[in-house]
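Data block below; observations after.
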Amino acid sequence: MKSLIAFTKKEWMEQLRSGRLLLLLIIFTLFGIMNPAIAKLTPWIFELMADSLEESGMVVTTVTVDAMTSWTQFFKNIPMALIVFVLMESSIFTREYQSGTLVLALTKGLERYKVVLAKSFVLIVLWSAGYWLCFGITYGYNSYFWDNGIVQNLLFSVTCWWLFGLFVVMLMVLFSVMTDANTGVLLGTGGVTLAVYLITLLPKAAPFSPAKLMGSVALLTGAEEKGDYYKALPITVVLCVVGVMASIPIQNNRRL
Amino acid sequence: MEMLQITNLKKRFGDKEVLKGVTLAVPEGGVFGFIGKNGAGKTTTMKTVLGLLKPDEGTILVADEPVVYGQTATNRYIGYLPDVPEFYDFMTPSEYLTFCGEITGMDKKDIVTRREELLELVGLSGEKHRIKGFSRGMKQRLGIAQALLGRPKLLICDEPTSALDPVGRKEILDILQAVKEQTTVLFSTHILSDVERICTDIAFLHDGVVCMQGKLSEIKSGKRTEEYRIETEREADARTLAEKFSECALSGERQLLFREGKATIFELMRFLADKEIEIAGVERMEPSLESLFMEVVKK
Ligand SMILES: Nc1ncnc2c1ncn2[C@@H]1O[C@H](COP(=O)(O)OP(=O)(O)O)[C@@H](O)[C@H]1O
Ligand SMILES: [Mg+2]
């Protein structure tokens, strides 16, 4: 336990001193601000463009924006935030393999599974902290400007998306222990994400795919119900646990 | 007791057999020099001892316990310095040693005393900068400090001096010399003068096998071929000798190196007396590792 804590502490020190932590916080904060900002600016942009639009024969009605506009933006933008997160943290294992920094720790008797656990933990905390920070900021602005009450199933739907992020984190861990290079992690994670997305295009299989959780914006308007997610949710949780657990024996047997 | 016992170790990479049955015994105490040319398989051997590589065949015992690949419990006896040590360079040396102590489960007080002691030993105490900007020599010294942290019974250093300038090399050798009271030292090298400076035992790795090993003093005195330096008064005589004896090689205008072979020193002397060749000097050479190494490699 002591060694697990020590290694986790080292991970945090690395995140902090390399500047990644700060950068992630800034990025998620900006995404959080962007959602209500875009919503707020939409009518203004329309007004600016109204004249030229009318000239070209389009009818411009006054647009009304509310919390729904902002939350729609949230779900539109959060994939971007996840991609930035993956790009920034995809080398969390591989840079240690490539530089050889793990060799010293492991020959000192640090068990390999603790490396997997510590890094998975750090990734989970970073994603969660960033995600909920982004959510919190959007929520705060929305309730200041408009009324969050018009949105249905808000907490449930953002939790779905958060869980999808955890699924991607699990993929990062799994592909990290299997490959030596950063590109392997990115290709693997991207490939599987694309695959589960493609599954959602098949109506029969869609409810079972983790990528179903990405579409949880449909819950806000009541277009879908919570029940529509009751298959994808447990499946994703199980896949996350299985993925991290599978990483451990792979890590134990890989050559350094 | 043998600190490390390797028996018939074999390892191949693809179709290239690097280790073809290495047998090696490192006795407790002393400094063991593991000598071999670049690519001989020194690093491969050491990595298998540390459980970082899986052997194809053979057994390895560390303090009489077998080495297991992957989760290697015998590593608790070993301090290891890889050929190119890589540290978390966002840490200071002191932070790094603390981290190492914590992952090995040392208690807090012990970490602090041991850390300060070792930083002092390797000349890095008071170094408050992060490892990022360190020179090769500094990293190598920090590497020795981290290897010694857990008071290992066996210190394994992979070519600790190879990439360093003469000053850096001397520093490392002095440190290894100083720690031999506390632990058995095994280090690999292709620099023979380093071995002659500090080793008590040696082994030559060549062609995938250990072709010679034992106490440095015994190996040197047990060497069969003797070498002599002969200086003649006249240049022409030196050339005559070089032509007459294939064992002779000109090493200067009037200097020859005579390595006993078919002809012994006595035959040479007889020839000198018969031909009344004037001699400026004859000197028996201290057997050098260099010549020993060349002999082994030629075979
Ligand atoms: N991972 C590997 N894959 C393929 N060949 C390797 C690998 N590691 C070492 N070798 C080969 O094994 C030989 C011995 O290497 P090494 O043990 O590093 O030699 P040394 O340390 O004595 O210089 C070299 O020819 C090297 O090319
Ligand atoms: Mg080597």
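The values are calculated or read from the model by the stated rules, or taken from the named source; none is laboratory data. What you see is a predicted model, and the numbers here were worked out from it, not measured in a lab. Here Cβ is always computed from backbone atoms with ideal geometry, including for glycine, and neighbour counts include all displayed protein chains. Side chains included, ligands, DNA and RNA excluded: accessible areas come from the protein's heavy atoms. Shrake-Rupley method; radii C 1.70, N 1.55, O 1.52, S 1.80 Å.
The table below lists the values:
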read-out	value
Residues of the range A:1-48 satisfying the condition of being away from every other protein chain (no Cβ under 14 Å) and of a type in the set (Asp, Glu)	A:Glu47
Within the range B:134-207, strands (runs of 3 or more DSSP E) holding 2 or more residues that are in contact with a Cys (Cβ under 8 Å, 6 or more places away or on another chain)	B:184-189, B:201-206
Any hit, the range A:188-198, residues being open to solvent by 40 Å² or more (accessible area, probe 1.4 Å), of a type in the set (Val, Ile, Thr), at pLDDT 90 or above and on the phi < 0 side of the Ramachandran plot	yes
Yes/no for A:Val242 being surrounded by fewer than 18 Cβ atoms within 10 Å (Cβ to Cβ) and closer than 30 Å to A:Gln98 by Cβ	yes
Scan of the range B:68-89 for residues that are over 18 Å from B:Thr44 (Cβ atoms) and more than 16 Å from ligand 2 (Cβ to nearest atom), ordered by number	B:Gln71, B:Ala73, B:Arg76, B:Tyr77, B:Gly79, B:Phe87, B:Tyr88, B:Asp89
Residue that is farthest from the other protein chains (Cβ to nearest Cβ), among those in the range A:208-235 that are in a helix (DSSP H, G or I) and small (Gly, Ala, Ser)	A:Gly227
Qualifying positions in the range B:103-117 - at the interface with chain A (Cβ under 7 Å from one of its Cβ atoms) and open to solvent by less than 40 Å² (accessible area, probe 1.4 Å)	B:Ile103
Residue within the range B:232-252 that is touching an Asp or Glu at 6+ places or on another chain (Cβ under 9 Å), buried (at least 16 other Cβ atoms within 10 Å of the Cβ) and assigned to a strand (DSSP E or B) present	yes
Pairs where the first residue, in the range A:104-122, is within 7 Å of chain B (Cβ to nearest Cβ) and the second is surrounded by fewer than 21 Cβ atoms within 10 Å (Cβ to Cβ) and at pLDDT below 95, C-beta under 6 Å, 6+ apart	A:Lys108/B:Thr104; A:Gly109/B:Arg76; A:Gly109/B:Thr104; A:Leu110/A:Ser3
Top-ranked residue in the range A:82-113 [being under 26 Å from the mean Cα position of the chain (by Cα) and among the hydroxyl-bearing types (Ser, Thr, Tyr); ranked as nearest to A:Leu256 (Cα to Cα)]	A:Tyr97
Conditions (1) open to solvent by 10 Å² or more (accessible area, probe 1.4 Å); (2) more than 21 Å from A:Met80 (Cβ to Cβ); (3) in contact (Cβ under 8 Å) with a residue 40 or more places away in the chain: number failed by A:Ile137	(2)
1 or more residues within 13 Å of ligand 1 (Cβ to nearest atom) and open to solvent by less than 20 Å² (accessible area, probe 1.4 Å): qualifying strands (runs of 3 or more DSSP E) within the range B:11-88	B:16-27, B:31-35
Condition met for B:Leu173 (in the same structural domain as B:Ala73 (by TED's automatic domain parsing), within 26 Å of B:Glu116 (Cβ to Cβ), away from ligand 2 (no atom under 16 Å from the Cβ) and under 11 Å from the mean Cα position of the chain (by Cα))	yes
Residue that is nearest to ligand 1 (Cβ to nearest atom) [pool: residues in the range B:123-180 that are open to solvent by 10 Å² or more (accessible area, probe 1.4 Å) and of a type in the set (Asp, Glu)]	B:Glu159
Cβ-Cβ under 9 Å pairs, at least 6 apart or on other chains, the range B:158-170 side more than 16 Å from ligand 2 (Cβ to nearest atom), far side open to solvent by 50 Å² or more (accessible area, probe 1.4 Å)	B:Asp165/B:Arg136; B:Gly168/B:Ser135; B:Gly168/B:Arg136; B:Lys170/B:Arg197
Contacts under 9 angstrom Cβ, first residue in the range A:215-241 being under 18 Å from A:Leu166 (Cβ atoms), partner open to solvent by less than 30 Å² (accessible area, probe 1.4 Å) and of a type in the set (Val, Ile, Thr), 6 or more apart	A:Ser216/A:Val158; A:Cys240/A:Val169
Residue match in the range B:216-227 (condition: over 20 Å from B:Glu295 (Cβ atoms) and touching a strand residue (DSSP E or B) at 6+ places or on another chain (Cβ under 9 Å))	no
Members of the range A:74-103 found to be more than 7 Å from every other protein chain (Cβ to nearest Cβ) and within 30 Å of B:Cys157 (Cα to Cα), listed by number	A:Ser91, A:Ile92, A:Phe93, A:Thr94, A:Arg95, A:Glu96, A:Tyr97, A:Gln98, A:Leu102
Matching option when the condition is within 16 Å of ligand 2 (Cβ to nearest atom) and under 27 Å from B:Leu9 (Cα atoms), among B:Ala147, B:Ala203	B:Ala203
Hits in the range A:236-256 - residues which are away from chain B (no Cβ under 14 Å) and touching a helix residue (DSSP H, G or I) at 6+ places or on another chain (Cβ under 6 Å)	A:Thr236, A:Cys240, A:Gly243, A:Val244, A:Ser247
